[in-house]
1. Can you tell me which of LEU57, LEU305, LEU180 moves the most in a GNM of the chain? Springs connect C-alpha atoms under 10 Å apart.
2. For the chain, the longest stretch holding no trypsin sites (Lys or Arg not before Pro) located in a DSSP loop with at most 10 other Cβ atoms within 10 Å is which?
3. In Å³ and rounded to a whole number, note down the convex hull volume per residue for the Cα atoms of the chain.
4. What shape does the stretch 123-276 have by the C-alpha gyration tensor, where a ≥ b ≥ c are the square roots of the eigenvalues, rounded means a/c under 1.5, and otherwise prolate means a/b greater than b/c and oblate the rest?
5. Taking the radius of gyration and the Kirkwood hydrodynamic radius from Cα positions alone, what is the Rg/Rh ratio for the stretch 135-199, to two decimal places?
6. Could you list SER351, SER59 so that the one with the fewest beta carbons within 10 Å of its beta carbon is first and the one with the most is last?
7. Please compute the Cα-Cα pair-distance distribution of the stretch 207-351 with 10 Å bins starting at 0, giving whole percents from short to long.
8. Go through the stretch 74-81 residue by residue and turn each phi into a ³J(HN,Hα) via Karplus (6.51, -1.76, 1.60, θ = phi - 60°); whole Hz please, and just put x for glycine and proline.
Amino acid sequence: MELHRLLSHTFFLLFLFAVAGELVCATEHQTYVGFRPKKLFVFGDSYSDTGNNPISLASSWKTPYGVTFPGKPTGRYSDGRVLTDYIARFMGIKSPLPYRFRKYALGKLQYGLNFAFGGTGVFDTGNLQPNMTTQIGFLQGLIKDKVYSKWDLKESLALVTVSGNDYGAFTSSGGSDQDLPSFISRVVNQMSIDLKQIHDIGVQRVLVTTLQPIGCLPRQTVLSSYQQCNENQNSAASFHNQLLQQAVTRLNNDTKQSTFLVLDLFSSFNTVLNSKTYSTGNSKSDTPLKPCCVATSSGAGCGSLDENGKKLYTVCKEPESTFFWDTVHPTQAGWRAVYLALRSSLDRIYS
Ligand SMILES: *[C@@H]1O[C@H](CO)[C@@H](O)[C@H](O)[C@H]1NC(C)=O
Ligand SMILES: *[C@@H]1O[C@H](CO)[C@@H](O)[C@H](O)[C@H]1NC(C)=O
């Protein structure tokens, strides 16, 4: 071997050892210092649901949901993975099973369970699925039945998503703009009660998401051919988030620890959308707000068929370069980008 090649080979090996050393340190830090959760319990709505809604009712169980991963519908409101899956991956565990499958999966409950149901809120939203109080009650029931012990809870993390279904229900039941601020306070107060409850039953650390920029969701931006976000709705989301941040600060002060951590979906959605890496099809970035799966007739949605079984929707060629999947949900690529934007704040779980 020529001398310079030998030297560069040695250098390369040294470099590898240096990198490996870093990895060992990082792993040891996470293993032996601080909190290392082994289970994930999930509460909330379609941003975290991985299959709880009834197959006969939910769009999440229809083609083309799941087309990217795993290739068929699994009850996730996306073409693939959702936020829950990325949080579980970050923790180094399997994505927890949906609660509805718990009876068929005894022995597979060691990663926790997912109690989130698409369409739900902290209050009833009219979709007849369990609100957050009821979801928390499911976990309490399992503790009573000794499926999970106090020790299990001590080494667990909760993820709580509240993505705006309470506000959808408020608006569709005729709630006025004047009454919105006081309704927002009621929602956040109820969230605060729910977060405290999750901690009181023994979950060691609780992640809660801020409201995403709801005025930028395709169901809203379709009115401007996907060009403009609704700034009034985004201000309402900011108000919700400000109250939520205050509530979390108060809860942490009360528990004298950083028990509750805010995951800022509002800024991570904005960061990703403004980075203009997302577009529909090949032409980059003229319509980053346009979803991949679009209904072709009014009253239809992504996954709808007519009475002859003909599709009432179109699917874009490149879901991997499109942020939104349907009128309200990100694609797997969208969630992955949001997760990467949240990555540094997730490290606080271990402190
Ligand atoms: C949640 O649902 C239960 C059962 O339907 C109901 O009794 C309870 O009042 C609801 N909680 C809230 C906060 O709306
Ligand atoms: C924090 O908790 C202490 C009591 O433990 C209380 O006196 C104080 O007012 C609280 N501060 C806030 C900002 O809630």
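1. Most flexible of the set in this elastic network: LEU57.
2. Segment 1-145 is the longest.
3. That works out to 183 Å³ per residue.
4. prolate
5. 1.13
6. SER351, SER59
7. 11, 35, 30, 16, 7, 1, 0
8. Computed from phi, the couplings for the stretch 74-81 are 10, x, 8, 8, 5, 7, x, 6 Hz.
Taken together, the values in this text are just the output of simple stated rules run on the coordinates, not laboratory data. Please read these numbers as outputs of a predicted model, since none were measured by experiment. Cβ atoms come from the backbone with ideal geometry, glycine included; neighbour counts cover every protein chain shown.
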